[in-house]
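Everything below concerns the one structure shown next.
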Amino acid sequence: MSKFYQLNATSLQGQKIDMNDYKDKVVLIVNTASKCGFTYQYEGLQKLHEQYKDQGLVILGFPCNQFGQQEKGDASEISEFCQINYGVDFQMFEKIDVNGDNEHPIYSFLKQQKSGFLGSKKIKWNFTKFLINRQGQVVDRFGSTTKPQKLESKIKSLL
């Protein structure tokens, strides 16, 4: 079994969620922020969610305040912002660190599986995306500038 399925995270509502709940799904994981130049990508992520959730796509958003202090809000503020401005109803988690001594174990796993530009293991900015196949394997990593709609063909090939 993939190590991914042994991990868990806490939702914005304070509930522990096991990644095993997403077994046999295609999972797109994104570190997010409400005050970022890439925040508009919530719209594209929501569209992918709506279009492919019934076929097995799951999008998981992880707010992070490590880049330019662009996610200062608490859980209720983040949830309200995402819902009001972008209609987000895919799974959002509590704010986490994606780099450093306190990085979340999910991000330790993701970065170990797929390094970024020039082999870097660090997350460089908000809205870095990781695509995981139905077997829990990280198959691709996309930088912040890659818009969600550019992932559509890759997602469809995994569904």
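The values are calculated or read from the model by the stated rules, or taken from the named source; none is laboratory data. A quick note: this is a predicted structure, and the numbers were derived from the prediction, not measured. Reconstructed Cβ throughout: ideal geometry from the backbone, glycine too, with neighbour counts over all protein chains shown.
Details
- Tally, over the range 118-130, of residues that are of a type in the set (A, V, I, L, M) and either surrounded by fewer than 21 Cβ atoms within 10 Å (Cβ to Cβ) or without any contact (Cβ under 8 Å) to a residue 12 or more places away in the chain (or both): 1
- Among residues of the range 42-55, those that are under 24 Å from GLU71 (Cβ atoms), in contact with a helix residue (DSSP H, G or I) (Cβ under 8 Å, 6 or more places away or on another chain), at pLDDT 95 or above and not charged (D, E, K, R), counted: 4
- Checking each residue in the range 115-159 for being closer than 24 Å to GLY37 by Cα, assigned to a loop (DSSP other than H, G, I, E, B) and in contact with a strand residue (DSSP E or B) (Cβ under 7 Å, 6 or more places away or on another chain) picks out GLY116, ILE123, ASN126, PHE127, THR128, THR146.
- Against the criterion of being closer than 23 Å to LYS124 by Cα, surrounded by fewer than 19 Cβ atoms within 10 Å (Cβ to Cβ) and not basic (Lys, Arg), GLY56 does not qualify.
- The residues on offer are SER144, SER108, SER115, and the sole one that is within 24 Å of LEU159 (Cα to Cα) and free of Cβ contacts under 8 Å to residues at least 40 places away in the same chain is SER115.
- Positions within the range 102-114 being at pLDDT 95 or above and in a loop (DSSP other than H, G, I, E, B), in sequence order: ASN102, HIS104
- The range 78-105 - residue that is among the charged types (D, E, K, R) and in contact (Cβ under 8 Å) with a residue 12 or more places away in the chain and, of those, nearest to TYR22 (Cα to Cα): ASP89
- Reported count of residues in the range 135-151, each being loosely packed, with under 15 Cβ neighbours inside 10 Å and in contact with a helix residue (DSSP H, G or I) (Cβ under 8 Å, 6 or more places away or on another chain), is 3.
- Residue within the range 34-53 that is in a loop (DSSP other than H, G, I, E, B) and either of a type in the set (A, V, I, L, M) or at positive phi (or both) present: no
- Of all the listed residues (SER2, SER34), the sole one being closer than 22 Å to THR145 by Cα and touching a Gly at 6+ places or on another chain (Cβ under 8 Å) is SER34.
- Scanning the range 76-95 turns up at least one residue that is of a type in the set (D, E, K, R), surrounded by fewer than 20 Cβ atoms within 10 Å (Cβ to Cβ), more than 13 Å from the chain's Cα centre (by Cα) and at pLDDT 90 or above.
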